[in-house]
Amino acid sequence: MTGDVLTILAGLPWTLALTAAALALGVVLGVPVALARRSRLLPVWLAAAVFIAVTRSIPPLVWLFIIFFGLGTGYIQISPFVAATAAFGLIATANMAEIYRGGLMAIQHGQWDAAEVLGLGRIHTFADVIAPQAVRVSLPSAASYAIGLLKDTATASTIGVIELTFQANQLAQRNFSGLYAFGIAAAIYILVSLPVAWLARSADFYLRAKVAR
Amino acid sequence: MDVSLDDLLSWLPDLTGGLTISAIVTAGSLLLGIPLGLLLALGVQANSRLLRGFCLVMVEIGRGTPALVLLQFIYFGLPSAGMTLTSYSAAIVALACNTGAYTSEIIRAGLQSVPHGQREAAVAIGLSRLDELRYVVLPQGLRVAVPALLGFSILIFQGTSLCFVSALPELLSRAYEIGSTTFQYFPALLLAACLYAVICIPASILVGAVERRAGHYARR
């Protein structure tokens, strides 16, 4: 029993690494996409809107296959982990851009007006006035997205990333007991997402307390 | 990439055949899953502590487990407990469980948006609990939940691609198969991706429109 749990747990670092890498890509690259989505220049705005719509409308597993099998066979050599990071990073970018957009929309117009009256420049306004508030608003949805992403990375097992679901699959094939192997994997996913949810809730509480009105 | 337009067109019937299967699995999971979600939503609000606890645990397990793990649990796991499902029914059962867990939260939020006075009024005019639910709470609560349920339906349609692992010949499996026989993975998968996008982009625009209309209704 413990041996089997440990076998599956060997995949946990890969699940966490994949989630963290994709999330990091999304958190960073989502910012320019969200800003482009608000641009007044039609081509820029349109490009961002199309990118977000197309990326989100194609299932994660299809993105994985396009990058791993599509680009990987014939165009460039690519390892499963890199392919998965690229696919989930891409999807996370589009989703984080939408989350940021929601955060920016939640900011009252008076904040921009006040910054202008104070004579702050555009970058200054954004970095010191708008962004700190938008981040605070975006945090809860970003946290639930992160938990969703953690579970989505299970699909990376299909291209051979040796994460939790992949290990469960291997064990199931060795022992002929899928019930048991996938049950353990499910329990690990639930146990991992609990502290993430708790952390997000306390971070949200802390940030809210700082600006309590 | 040496693929002609004729090649792409010759793949298309195969892929649309897969698309039909994806659509059937989506419909089946929603038809089973949304009533399950309603039951769980009502169960979570029940007075009995045992029932409430049971439903909460089911919802948390359903939402906490990746759909792929759930599918493999049902398709590869249940046979060892003496219950073998075809890839079709395993797909529908797994996605229906997933749907039930997620939609129960959507429906619960909808039901909670019904003002408490409505329930009190129902009690005051002597409606039984079932009638209160049927004529007062559900018509108002479900209406609020509709946009979110539609949005979730798009996600379930995308989720049918997971059935690749259970050998169900849906859209992605067909594209992969074309890729493995012709070694033209990239164009075949891209074509499948286009089919997903052609359905999901208009669908999400539509859901956005429904959301805005529902917003008007709520603001009145």
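The values are calculated or read from the model by the stated rules, or taken from the named source; none is laboratory data. Quick caveat, the model's predicted, so the values are computed rather than measured. Cβ: placed from backbone, ideal geometry, glycine included. Neighbour counts: every protein chain shown.
Quick notes
- The set of residues in the range B:51-102 being more than 20 Å from the chain's Cα centre (by Cα) and more than 13 Å from chain A (Cβ to nearest Cβ) consists of B:Leu51, B:Arg52, B:Gly53, B:Phe54.
- So A:Val196, is it in a helix (DSSP H, G or I), surrounded by fewer than 15 Cβ atoms within 10 Å (Cβ to Cβ) and in contact (Cβ under 8 Å) with a residue 12 or more places away in the chain: no
- Number of the exception - A:Val161 against (1) hydrophobic (A, V, I, L, M, F, W, C); (2) part of a helix (DSSP H, G or I); (3) in contact (Cβ under 8 Å) with a residue 24 or more places away in the chain: (2)
- Residue ranges of helices (runs of 4 or more DSSP H) in the range A:1-93 with at least 1 members of a type in the set (D, E, K, R): A:2-9, A:12-37, A:42-57
- Answer from A:Ser202, A:Ser144 - the residue that is within 14 Å of another protein chain (Cβ to nearest Cβ), surrounded by fewer than 22 Cβ atoms within 10 Å (Cβ to Cβ) and out of contact with any Phe, Trp or Tyr (no Cβ under 7 Å at 6 or more places or on another chain): A:Ser144
- Note on the range A:159-177: residues that are of a type in the set (Ser, Thr, Tyr) and surrounded by fewer than 23 Cβ atoms within 10 Å (Cβ to Cβ) amount to 1.
- Of the residues examined, B:Leu85 is not one that is out of contact with any His (no Cβ under 6 Å at 6 or more places or on another chain) and at pLDDT 95 or above.
- Filter result for the condition that a residue is under 23 Å from the mean Cα position of the chain (by Cα) and touching a residue at least 24 places away in the same chain (Cβ under 8 Å), over A:Tyr189, A:Tyr180: A:Tyr189
- Considering the conditions (1) touching a Gly at 6+ places or on another chain (Cβ under 9 Å); (2) away from chain B (no Cβ under 14 Å); (3) modelled with pLDDT of 90 or more; (4) surrounded by fewer than 16 Cβ atoms within 10 Å (Cβ to Cβ), A:Leu191 is excluded by exactly one of them, (2).
- Some residue of the range A:46-57 being closer than 26 Å to B:Gly159 by Cβ, charged (D, E, K, R) and surrounded by 16 or more Cβ atoms within 10 Å (Cβ to Cβ): yes
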